[in-house]
Amino acid sequence: MKRMRTFALIALAIFALASCQGKTETAVAPTDVTTRLLTDATGIDDKSFNAAGWRGILSYYGDTWENPTKRGTLYDWVTAQGQDMYVPNLKQASDEKYDLVIVTGFTWADALSEVAPLYPEQRYLIVDVDWVGKPNVMEATFSEHEGSYLVGVAAALKAKADGIVKPRFGFIGGVPGMVITKFEMGWVQGILSVIPDAEIVDYYANDWGKPELAKAQAKNWFDGGVYAIFSAAGGTGNGTIAQAKEYRLAGKNVWAVGVDSDQYEDGIYADGQSAVLTSMLKRVESATEYAIKAVKDGTFRAEVVVFDTKSDGVGFSDRNAALGADIVAAVNAVRDGIIAGRVKVIPTYKDALAAGAVPDRLQAKDE
């Protein structure tokens, strides 16, 4: 009996070892990093800023939007329905010891400044901010004014090609602040570089997630003769695209200009035609993927990383055939000029005003 019990124990040990080995073979490799993305209320479905950041995470882990196989094991995302959830969401992600916690947008700056010192070993990335200045926070900024200049040039050249007399152009912003001002300054300077007497109007919705506000404003402007509207307003800006689609379907020659992601698909209204003339590409995915790789490689540090035209951090979409080859070539020539330093784009309203580069009645704010 003693011998039988001995054999039984040996058999159980072998079975247990085999079971453990089986688990080891199917488990996630412990050498890879874990990431959590925290977004504002618009989530990753804003088709713009947050969506681009999410794409960078998917790209790093070898997944796709349609098939995020490693979500829940190596990465995930959490949406805060209000700013009162920013600090709790940051603390929860930090308590769960993700290798990297990413927040998108300057509205997270105060919350991150409060939480980061409480978790000195935790690594964070914030996008669109360069003033947090904590030893465990990487900060990514973009030269939005450069990319916006390009789409301003494109829209103005298209208006000239269409023979529009005294064209008007609009800008719709989300919440006023330094980052959105860079979008507007670039857009306006780009337009005026082509049509110096063009009329510019602007509007701020003070919200990132109310497309109905942008749609109503776009309708009002289009009815008043505005030719193209550029929105830098997160999900709010989708209302501009919706109105442009309706009017182009009705035969009106008006355009929306997308932001952050290539929004060509969102503008399709008939027979593969899109109401989104071009999009200012702000490659937030470059920032999120860069930070994850830095954690993986052991090179992560508290630094401000600037993604500009030269580094392909910003650009424009040439997907819409309505632009035409001549306009695309002309905009690419301007892009080359920015990279070479021949074309200077002023990012702040104060400095642009002082240089006489923009009108003095805009609602942009530098802070």
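The values are calculated or read from the model by the stated rules, or taken from the named source; none is laboratory data. Since the structure is predicted, the reported quantities are computational estimates derived from the model, not experimental observations. We place every Cβ from the backbone using ideal geometry, glycine too, and count neighbours over all the protein chains shown. To get the accessible areas, we keep the full protein, side chains included, count just its heavy atoms, and leave off ligands, DNA and RNA. Shrake-Rupley method; radii C 1.70, N 1.55, O 1.52, S 1.80 Å.
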Pairs where the first residue, in the range 244-257, is closer than 12 Å to ILE229 by Cα and the second is in a loop (DSSP other than H, G, I, E, B) and small (Gly, Ala, Ser), C-beta under 9 Å, 6+ apart:
ALA244/ALA275; VAL254/ALA275; TRP255/ALA275; ALA256/ALA275
Scanning the range 267-285 for residues that are out of contact with any Ser or Thr (no Cβ under 8 Å at 6 or more places or on another chain) and open to solvent by 10 Å² or more (accessible area, probe 1.4 Å) gives TYR269, ALA270, ASP271, GLY272, GLN273, ARG283
Among residues of the range 291-341 being exposed (fewer than 14 other Cβ atoms within 10 Å of the Cβ) and among the acidic types (Asp, Glu), the residue farthest from GLY152 (Cα to Cα) is ASP297
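Is it true that ASN67 is of a type in the set (S, T, N, Q) and in a loop (DSSP other than H, G, I, E, B)?
Yes.
Quick one: in the range 136-149, of everything that is within 24 Å of VAL33 (Cα to Cα) and polar (S, T, N, Q), which residue is surrounded by the fewest Cβ atoms within 10 Å (Cβ to Cβ)?
The residue in question is ASN136.
Yes or no: GLN217 touching a strand residue (DSSP E or B) at 6+ places or on another chain (Cβ under 7 Å), open to solvent by 10 Å² or more (accessible area, probe 1.4 Å) and on the phi < 0 side of the Ramachandran plot?
yes
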Among (1) at pLDDT 90 or above; (2) open to solvent by 30 Å² or more (accessible area, probe 1.4 Å), which single condition is THR24 missing?
(1)
Which residue pairs have Cβ atoms under 7 Å apart, sit 6 or more places apart or on different chains, and have a first residue in the range 33-54 that is at positive phi and a second that is modelled with pLDDT under 90 and part of a loop (DSSP other than H, G, I, E, B)?
LYS47/SER261
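For every residue, the table says whether it meets (1) open to solvent by 10 Å² or more (accessible area, probe 1.4 Å); (2) outside any helix (DSSP H, G or I).
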site	(1), (2)
VAL101	no, yes
LYS134	yes, yes
VAL151	no, no
ALA156	no, no
GLY170	no, yes
PRO176	yes, yes
GLY186	no, no
ASP197	yes, yes
TYR203	yes, yes
Can you tell me which residue among LEU38, LEU74, LEU90 is at pLDDT 95 or above, closer than 24 Å to ILE180 by Cα and surrounded by 10 or more Cβ atoms within 10 Å (Cβ to Cβ)?
LEU38
Checking the conditions here, which among SER193, SER231 is touching a residue at least 12 places away in the same chain (Cβ under 8 Å), of a type in the set (Gly, Ala, Ser) and within 18 Å of ALA352 (Cα to Cα)?
SER193
Looking at this structure, is GLU121 in contact (Cβ under 8 Å) with a residue 40 or more places away in the chain, surrounded by fewer than 24 Cβ atoms within 10 Å (Cβ to Cβ) and over 22 Å from the mean Cα position of the chain (by Cα)?
no
What are the residue pairs meeting all of these: first residue in the range 58-77, first residue polar (S, T, N, Q), second residue in a loop (DSSP other than H, G, I, E, B) and open to solvent by less than 70 Å² (accessible area, probe 1.4 Å), Cβ atoms under 7 Å, and 6 or more apart or on different chains?
THR69/ASP63
Scan the range 342-367 for residues that are among the hydrophobic types (A, V, I, L, M, F, W, C), within 18 Å of GLY147 (Cβ to Cβ) and open to solvent by 70 Å² or more (accessible area, probe 1.4 Å) and jot them down.
none
Counting only residues that are farther than 29 Å from TRP131 by Cα and free of Cβ contacts under 8 Å to residues at least 12 places away in the same chain, which one in the range 288-325 is farthest from the chain's Cα centre (by Cα)?
ALA325
Could you grab me the full set of residues in the range 41-61 that are modelled with pLDDT of 95 or more and either part of a loop (DSSP other than H, G, I, E, B) or out of contact with any helix residue (DSSP H, G or I) (no Cβ under 8 Å at 6 or more places or on another chain) (or both)?
LEU58, TYR61
